[in-house]
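J.: I have a structure I would like to understand better, so I am pasting it below and will then ask my questions one at a time.
Readers should treat all values here as calculations from the given coordinates under stated rules, not as data from a laboratory. Just so it is clear, the structure is predicted and the values come from calculations on it, not from any experiment. Cβ placement follows ideal geometry from the backbone for every residue including glycine, while neighbour counts extend to all protein chains displayed.
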């Protein structure tokens, strides 16, 4: 097996092992951290489809993360208050249904935002995705129905058929399973005909056009898939915290998702997983060390960008590019 | 004019005061190599850009395979069967040589939105890509990363990708550039045979290749075609000698 | 709505627009000349505000506070350019985004470390506090008029600088062709540091002036930064004129939207839903404006090729 393949199995395996070990040692807090890492990794895997494969520097992915979160928050809110949505649709506390709604809602949002943003490229694209993210942030703050700035609290974690989701390990395993499935999908996506064409748009747009493929459509599809996966992560994140607020839509959230992709290594399948684990570990260790841990995070990020462009997985696996 | 597959009608394009294309009409017939020559800055690249769809003309039209394609973008023209190579190699540099060729084959087949199935295990695509690489002599480099190819090899890969498109017309922008004598000769021989698969509109600086290959030659000077004819006719044309070859004689 | 209220809101929109222009001008200059997208521009705004608040607390002088803001932002800008930004010119946009995002984290937390988490307040000077009477008996805040005047003066100065001075010629040449300007014997490294410091000083000035209207706190820069991005997208990247027009458009749309939209919805809705819907829509109005302009001009009103 190549090093890349070993890492693609080993890094998620490490996350699973940490979760299970924490269970064996009865360290509930560590299980929660591992769950957080799995969810953020999922968001990163989503972003990486646009960023790593498509070269689309989206600084507005918190929009999809937040929409996923609000999909969960709104459905569960209507279920816990027994008030049907728009008078007809009852809420739900069933995770699979919530996930489906989160994926569709964030995918649709990505379709609209992408269709507009992808008319431009380069810095314009960065600024516009950031701006649309901010638009939803302010909308969430000013719309009072779901708590405005204060957000929505959900009293009970949502249900998954056959499992007690209030047991930390169970919820961790659910999140990890979702991550694993999406990782397998993303891995296959990268090697699919679409993945080849998408990666070509990142490298040379003129070439893609000359072979008769439309870069705009390829990128839009990547953006929608990317947004939908990040939205799914958002639903899980809200479920982990049993709370959703506009902060999930904030530009800092977009930045954090991007940072963990970069920390791990861009365009590497397991990069976001490594990045999320390191991010959570840094948060855990540095926060203990100093109240101002973001300074260290900033310094580390700066060093990675300036001197270690392949990220952590890049450092371990070398610069070898996947050939097939 | 018999069976012109590709023709331009009075194409004009100006950038400010510069008239880059001045009522250019030329056509490409089945089975021929039509070479477009002209000194630097004559407007060859601008013309190619208008034919391929990268640039919209101010006036005039491009007719391809009986259809007015002037309003169509590059992608649509490529899908109709316009296979081009670029003057400055436009390849996916991080891909292997084979991946670039497979990308071409994928473009030819369409259905690029499949998210499952391994593209580099797709028999039909691989067959098309491998055979194109074979034809241009790049088979042994199939697993080389494109960025590591020599300049000349990139030119060959450009041609190979165009072959995978199985186009109705080839539009080749200086395919010989940087090839060296041996490579040039090899490619000349190859293009000689290729014209029977699809006609070639060839922009080229290598005059040996042009005069050896071209059924007809058009000479572009200051955005205007000053002469079109066989190699002998062009050699004998006084205006061409003065405007173009004359300069070379002097140098 | 009365004409007086409308006039007041127009002036508020103008003041907001002028402030956005000070931010956007620096951003667009830095992008136009150096090709750099700088997320940390909001930090320089914040540094200006903190420097002003600090100096005002120390000396009680508003003028010294403004000077301190300009100096602090320019100096920090120059140092950051020489230490970090310089290494990013040849990098792709992603690296620029990440490195300047890292700078935001460092600056924000660094400021929190130095000044604490509580917001500071910067008082308007006595001379400028309270309202003054304008044409037609309109009462309007002296201080906001001061911001408008300073902003317009700085804007005029900037146009003059770029159109008429030696530095301006170098900036315009630097936009067109980096190698050319180096060949002309201009010290390009010095020019870049200078342009970056200039942009930083403008941001610092904006931060200090707004600091006297709002509170001075960590994180105050980024919302303004993102609005400045909207301004640049609307105006066209690299165009000072575009930044000016875009800033006024955004300032007016945002300010008037907040006042007019709830009233407009009040015409056919009950008051409380009108306020809700109007306020929500107003919060999105500038982004809708941006989307609308993008549909027709993907590279902005005064932009070249995107």
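J.: After finding the eigenvalues of the alpha carbon gyration tensor for region A:3-317, what semi-axes result from the square roots of 5 times each, listed largest first in whole Å?
T.: Working: eigenvalues 164, 125, 71 Å².
So the equivalent ellipsoid measures 29, 25, 19 Å along its semi-axes.
J.: I want to check the label-to-label distance for residue C:135 and residue B:93. Put each point 7 Å from Cα in the C-beta direction and report it in nm to one decimal.
T.: 5.8
J.: To the nearest 10 degrees, how steeply does helix B:180-194 sit against the main Cα axis of chain B, on a 0 to 90 scale?
T.: 90
J.: Working from Cα positions, state the angle (0 to 90°, nearest 10) between the long axis of helix C:221-235 and the longest principal axis of chain C.
T.: Helix C:221-235 sits at roughly 80 degrees to that axis.
J.: Over the Cα atoms of chain B, what is the Rg over Rh ratio if Rh follows Kirkwood?
T.: Radius of gyration over Kirkwood radius for chain B works out to 0.98.
J.: Can you tell me the Rg and the Dmax, both Å, for the Cα atoms in region B:91-166?
T.: 11.4, 35
J.: Same structure, new question: Tell me what chain A gives for mean residue ellipticity at 222 nm when only DSSP H runs of n ≥ 4 count, each as -39,500 (n - 2.57), the sum divided by the residue total, rounded to 500 deg cm²/dmol.
T.: -24000 deg cm²/dmol
J.: Sticking with this one: Can you tell which of A:218, A:16, A:306 shows the greatest fluctuation in a Gaussian network model of chain A with Cα springs below 10 Å?
T.: A:306
J.: Using a Gaussian network model of chain A whose springs link C-alpha atoms within less than 10 Å, name the residue from A:65, A:307, A:171 with the highest mean-square fluctuation.
T.: A:307
J.: What base-10 log of the normalised intensity I(q)/I(0) is obtained for chain C from the Debye formula, alpha carbons as equal point scatterers, at q = 0.10, 0.14, 0.16 Å⁻¹?
T.: Here log10 of I(q) over I(0) equals -0.58, -1.10, -1.37.
J.: A further question on this structure: Using the alpha-carbon atoms, what tilt in degrees (0 to 90, nearest 10) does helix C:3-34 show relative to the longest principal axis of chain C?
T.: With both axes taken from Cα atoms, the answer is about 10 degrees.
J.: How many times 2.2 N^0.38 Å is the alpha carbon radius of gyration of region C:128-246? Numbers along the way, then the final one.
T.: Details: Rg = 17.7 Å, N = 119, 2.2 N^0.38 = 13.5 Å.
Relative to the 2.2 N^0.38 Å estimate, region C:128-246 comes out at 1.31.
J.: Something else now. Take peptide B:73-82, look around each residue's Cβ out to 10 angstrom, count Cβ atoms belonging to other protein chains, and average those counts.
T.: 4
J.: Let me ask something additional. What's the exposure ranking of A:2, A:202, going from fewest to most Cβ atoms within 10 Å?
T.: Ascending Cβ contact count within 10 Å gives the list A:2, A:202.
J.: In addition: Ranked from highest to lowest mean number of other Cβ atoms within 10 Å per residue, what is the order of the peptides A:155-164, C:6-15, C:91-100?
T.: Final packing ranking: C:91-100, C:6-15, A:155-164.
J.: Taking the convex hull of the alpha carbon atoms in region A:237-316, what volume per residue do you get, in Å³?
T.: Hull volume normalised by residue count: 110 Å³.
J.: Further question on the same structure: For region A:135-198, restrict the atom set to alpha-carbon positions and state the Rg and Dmax in Å.
T.: Rg and Dmax of region A:135-198, Cα atoms, are 18.4, 45 Å.
J.: Within a 10 angstrom radius of each residue's Cβ in A:258-268, how many Cβ atoms of other chains show up on average? Whole number is fine.
T.: Shielding by partners across A:258-268 averages 2.
J.: Order these by the 10 Å Cβ neighbour count, fewest first: A:143, A:99.
T.: So the residues, fewest neighbours to most, are A:143, A:99.
J.: Moving to a separate point now. Across every pair of different alpha-carbon atoms, what Kirkwood hydrodynamic radius in Å does region A:1-96 reach?
T.: Over region A:1-96, the inverse of the mean reciprocal pair distance is 16.4 Å.
J.: Let me ask something else about it. Taking chain C as a Gaussian network, where each spring joins two C-alpha atoms under 10 Å apart, which residue of C:151, C:48, C:60 fluctuates the most?
T.: Greatest mean-square fluctuation among the candidates belongs to C:60.
J.: Averaged over every viewing direction, what's the projected area of the C-alpha convex hull for region A:104-253? Give it in nm², one decimal, please.
T.: 10.6
J.: Can you give me the three principal axis dimensions of region A:72-157 from its C-alpha atoms, in Å, biggest first?
T.: If we take the Cα atoms of region A:72-157, the spans are 46, 26, 24 Å.
J.: Based on C-alpha coordinates, I'd like the Rg and Dmax of the protein assembly as shown, in Å.
T.: 30.4, 94
J.: Specify the inter-centroid distance of region A:102-146 and region C:1-75, based on alpha-carbon positions, in whole Å.
T.: When both Cα centres are located, 27 Å separates them.
J.: Counting other C-beta atoms within 10 Å, which of A:198, A:53 has the fewest, and how do the rest follow? Write out the running numbers ahead of the final one.
T.: Details: A:198 29, A:53 24.
The fewest-first ordering by Cβ neighbours comes to A:53, A:198.
J.: What does the average come to when, for each residue of peptide C:90-98, you count the partner chain Cβ atoms lying within 10 Å of its Cβ?
T.: Going residue by residue through C:90-98 and averaging, the value is 6.
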